[in-house]
Amino acid sequence: MDEKILYGYSGLFDTPDEIIEAAEKVADSKYENYDVHTPYPVHGMDSAMKLKPSRLPYVALVVGLSSMLGMLAFMYWITQQIIQ
Amino acid sequence: MSSDTLDYTEEYSVIEGKPSLRSIDDVISKPLDTKPDKKYYIALAVTLSMMGIGGVALLLTFYYGTGLWGNNNPVGWGLPIVNFVFWVGIGHAGTLISAILFLFRQKWRNGIARFAEGMTIFAVMTAGIFPAIHTGRPWLDGYLFPYPNQHGLWVNFNSPLLWDVFAVSTYFTVSFIFWYVGLIPDFAILRDRTKNKIKKTIYSITSLGWRGSNRHWQHYEMVYLVLAGFATPLVLSVHTIVSFDFAVSILPGWHTTIFPPYFVAGAVFSGFAMVQNVLIFIRKIFNFEHIITLDTMEKMNKVILFTSMLVGYAYGMEFFIAWYSGVQIEQFTFVNRALGPYAWAYWIMVTCNVLFPQLFWFKKIRRTIPYMFIIAVFVNVGMWFERFVITVTSLSRDYLPSSWAYFTPTITDFAILIGSFGFFFTFLLLFTKTLPVVSMAEVKAVVDGAQPSHEDH
């Protein structure tokens, strides 16, 4: 056996079915850092890789709501300016 | 698909011929890799000259004032508002295709979404010229935005014209972000393909370090979904608010509740006609016929047919409500529209918008390029006249017969209209040579066999 340290594996797959199956197997194994690179989003890959759902919608909700309240407050402030 | 009996249980591919991933990249990025040919420069010269004509007309307007336009005393809103509404309407197809059809999971949108989004952005930019110039003093446009100033001057939040400023600028921002987000994976493809150092640097910056990892795709798809969620109400709200510019005033013919849905339907109608017109050239010139297929064109024609009937219904309903309301001035306005001094414009509008699109009931016409092109040109003409009829007929004959006047656009008005077309098509031409006009990543995702078969699930 040679003394080289194993950093990782990479594999090349030709069809979406194969890469999904491979992703499922890797996700079920003990590997912690794994990723799949595809030229387009493959359906079902998120669950195959056991990824957590994206948290982006919550960010969008908080930013959207605070912008809306900020704008309403701004309009209220302007109205006060005009009244004075 | 030529036979009349279709198997509706089977899902037909929206991309013909099952092209390989590499061939999709090759054909879509070819216009970016090759130098433009002579025809391109001729087309660019034409659009730039049109833009120049508009530029001269605008400079004259700023120098001598808006007296150069046809606007007169009762008709205070002439061609600028007509052109504004026309161009905002053109923009609507892009968001409808990219957002609403995305939420409905219509795969055929993938081939045309990028181009339609680009058209949206350019059309909204073109539309933006008109509010900016319509006062004749564009250097005062800063006051459109609420900011503290030494005059203590604030915008009027009760005015639909101000809502319009915000609706259109929000629409532009969201459309632009949508467009850019869609471009990120394609920039990454271009970055990996190019051998030119300058291009590589530009694409590396604009692709934001995209690697095509599924951890990227997961967030990317969520961003796309959220943006589609933002853009969907915008499709409806922008032209609704444009229609408020008219509907909130108390002029007969404008003060109607049908205006918002009527304007939105008209906007989608004209937008699809313009997208269809331009795509006919794009798919032919760049050999995208297998990506933007005849089936896709047919589906667009069906949308045109459908919205044509919505618009036709609105024309009829306006007359019905005028009669049913029992308001004499309202009744007069509509009789005046159809039979008065602007009857010519009214019947051009009805013929182009309601009668000609009915030809799309015939499958042969829906699938023949020259016919569909001519019909869509008529639709564009008709929709421009629709805005003309709405704006001008109501203003030229309102409550006070002693102040009635006929509105005739001047040569300056038409020069500005020509200039707006030049502006729009110049941007479109530059777009075709600088960015991929079809989304490579999105097209790859809908090729036959691109998605897992889920046999074991």
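The values are calculated or read from the model by the stated rules, or taken from the named source; none is laboratory data. Only a predicted model underlies this, so the values are computations on that prediction, with no experimental measurement involved. Here the Cβ is made from the backbone with ideal geometry for all residues, glycine too, and neighbour counts use every protein chain on show. Note: areas computed on protein heavy atoms with side chains; ligands, DNA, RNA excluded. Shrake-Rupley method; radii C 1.70, N 1.55, O 1.52, S 1.80 Å.
Every residue, every condition in (1) open to solvent by 20 Å² or more (accessible area, probe 1.4 Å); (2) under 24 Å from B:Thr432 (Cα atoms), yes or no:
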| site | (1), (2) |
| --- | --- |
| B:Gly67 | yes, no |
| B:Pro80 | no, no |
| B:Phe104 | yes, no |
| B:Gly118 | no, yes |
| B:Pro148 | yes, no |
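Residue by residue, here is whether (1) without any contact (Cβ under 8 Å) to a residue 40 or more places away in the chain; (2) surrounded by fewer than 15 Cβ atoms within 10 Å (Cβ to Cβ); (3) among the polar types (S, T, N, Q); (4) within 14 Å of another protein chain (Cβ to nearest Cβ) holds:
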{"site": "B:Arg367", "(1), (2), (3), (4)": "no, no, no, no"}
{"site": "B:Met372", "(1), (2), (3), (4)": "no, no, no, no"}
{"site": "B:Asp398", "(1), (2), (3), (4)": "no, no, no, no"}
{"site": "B:Leu417", "(1), (2), (3), (4)": "no, no, no, no"}
{"site": "B:Leu435", "(1), (2), (3), (4)": "no, no, no, no"}
{"site": "B:Glu442", "(1), (2), (3), (4)": "no, no, no, yes"}
{"site": "B:Pro452", "(1), (2), (3), (4)": "yes, no, no, yes"}
*asked:* Which pairs turn up if I take residues in the range B:189-216 that are in contact (Cβ under 8 Å) with a residue 24 or more places away in the chain and within 14 Å of chain A (Cβ to nearest Cβ) and look for partners that are of a type in the set (Lys, Arg) and open to solvent by less than 30 Å² (accessible area, probe 1.4 Å) with beta carbon separation below 8 Å, at least 6 apart in sequence or on another chain?
replied: none
*Sort out which residues of the range B:262-294 are open to solvent by 10 Å² or more (accessible area, probe 1.4 Å), within 19 Å of the chain's Cα centre (by Cα) and of a type in the set (Phe, Trp, Tyr), and write them in order of number.*
B:Phe281
*asked:* So, in the range A:1-30, exactly how many residues are assigned to a loop (DSSP other than H, G, I, E, B), open to solvent by less than 100 Å² (accessible area, probe 1.4 Å) and without any contact (Cβ under 8 Å) to a residue 12 or more places away in the chain?
replied: 4
*Pairs under 9 Å by beta carbon, first residue more than 7 Å from chain B (Cβ to nearest Cβ) and free of Cβ contacts under 8 Å to residues at least 24 places away in the same chain in the range A:31-44, partner part of a loop (DSSP other than H, G, I, E, B) and surrounded by 13 or more Cβ atoms within 10 Å (Cβ to Cβ), six or more apart or different chains?*
A:Tyr34/A:Met49
*Can you pull out the residues in the range B:391-416 that are part of a helix (DSSP H, G or I) and among the charged types (D, E, K, R)?*
B:Asp413
_Subset of the range B:201-218 that is touching a helix residue (DSSP H, G or I) at 6+ places or on another chain (Cβ under 6 Å) and in a helix (DSSP H, G or I) - its residue that is least open to solvent (accessible area, probe 1.4 Å)_ = B:Asn214
*Kindly establish whether A:Ala22 is closer than 19 Å to B:Gln218 by Cα, touching a Gly at 6+ places or on another chain (Cβ under 9 Å) and within 7 Å of another protein chain (Cβ to nearest Cβ).*
no
*Please give the number of the condition B:Trp254 fails out of (1) open to solvent by 20 Å² or more (accessible area, probe 1.4 Å); (2) in contact (Cβ under 8 Å) with a residue 40 or more places away in the chain; (3) more than 22 Å from B:Ala445 (Cα to Cα); (4) not in a helix (DSSP H, G or I).*
(1)
